[in-house]
Amino acid sequence: MTKDGESLTPYLVALDAHPIQPASYILSHDPCLIGRGSCCAVRVQRDGVSRQHAIISRCLDVYQIADQQSSFGTFLNGERLAPLTSYRLSGNALIGLGSPVPLLRFCDPDPTGPPHSLPPMPAVPLSEDISRQCFILHGATLDLPFSAYLLLSYLYKHRDAICRTADCVRAVWEIDTQSADELVDRLYRLISELRVALEAHQALLHPNQRIRIVSHRRRGYTLVVPDPESGDA
């Protein structure tokens, strides 16, 4: 869509072009991962920036940003964001990665109106359909690669408990403990992909309603599933 020959699609602009590629990035319905990693849509080669640092996602006409448990934090207009929690982006919002100093600007040529009300939460936020080998998240089917499905299935069976890294590896690839160490990096990438998928389906939910994967340094991961009866408190 255009207005007077100009695109109305929101985009990101690098404020320090040297360590950021591309210098300008047009956002779409697909999540935009930001960080040092090769899988990121916007790559930032700068000290203090994690491999998968933050993600921008869209739900309806609302764009939001969430820190992906980065080492030194994500900042929006100078304020540090809580990890794995989505914050709405407004026109000319300044984004800092690893420090409050802004590295990116969010530009919206056609600003949206007031935020949408949060959608109601289904009685069962996450369920597994074993016959179809898929998960239903807040009433919608999660489209996952089979390896990601296996990992989520294992985390779901042990939800709200710490799942050891080696056990997660064996649940996906069915290998012995000695070989499991070689797949830790692949597991890390798989966890990141799952987080992106979960976040994309929950952008407009209250933070207390979101299902998330929490990392425990050198220990493993926990799938946190909120209690539907707890409300937004």
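Readers should treat all values here as calculations from the given coordinates under stated rules, not as data from a laboratory. Small disclaimer: the values here were computed from a predicted structure and weren't measured. Reconstructed Cβ throughout: ideal geometry from the backbone, glycine too, with neighbour counts over all protein chains shown.
At a 10 angstrom cut-off on C-beta neighbours, averaged per residue, how do the peptides 45-58, 214-227 rank from highest to lowest?
Ranking, from highest mean packing down: 45-58, 214-227.
Give the Rg (one decimal place) followed by the Dmax (whole number) of region 2-107, computed from C-alpha coordinates and expressed in Å.
Answer for region 2-107, Rg first and Dmax second: 12.8, 43 Å.
Would you kindly state how much longer the chain becomes between Val13 and Arg164 on full extension, computed as 0.36 nm times their sequence separation minus their alpha carbon distance, in nm to one decimal?
Length gained, Val13 through Arg164: 50.4 nm.
For region 48-63, list residues with backbone N below 19 Å from a point placed 7 Å from the Cα of Val101 toward its Cβ?
Under 19 Å, as judged by backbone N against the label point of Val101, lie 48-51, 53-54 of region 48-63.
Where does the charge balance sit around Cys39 when Lys and Arg score +1, Asp and Glu -1, over other residues with C-beta under 9 Å from its C-beta?
Summing Lys and Arg as +1 and Asp and Glu as -1 gives +1.
Calculate log10 I(q)/I(0) of region 126-230 for q = 0.12 Å⁻¹, where I(q) comes from the Debye formula with a single equal point scatterer on each Cα and nothing for solvent.
Log10 I(q)/I(0), no solvent term: -0.38.
Please give the FRET efficiency for Ser131 paired with Asp61, using the beta carbon to beta carbon distance and R0 = 30 Å, rounded to the nearest 0.05.
0.25
I'd like to compare 87-96, 188-197: which one has the highest average count of other Cβ atoms within 10 Å, and what's the full order after that?
Working: 87-96: 17.3, 188-197: 18.8.
The densest-packed peptide leads the list: 188-197, 87-96.
Averaged across orientations, what area in nm² does the convex hull of the alpha carbons in region 24-173 project?
On the way: hull surface 43.4 nm².
Projected over every direction and averaged, the Cα hull of region 24-173 covers 10.8 nm².
May I ask you to derive the FRET efficiency for Tyr188 and Ser90 from their Cβ-Cβ distance with R0 = 35 Å, giving the value to the nearest 0.05? Working shown, then result.
On the way: r = 32 Å, r/R0 = 0.93.
Computed FRET efficiency for Tyr188 and Ser90: 0.60.
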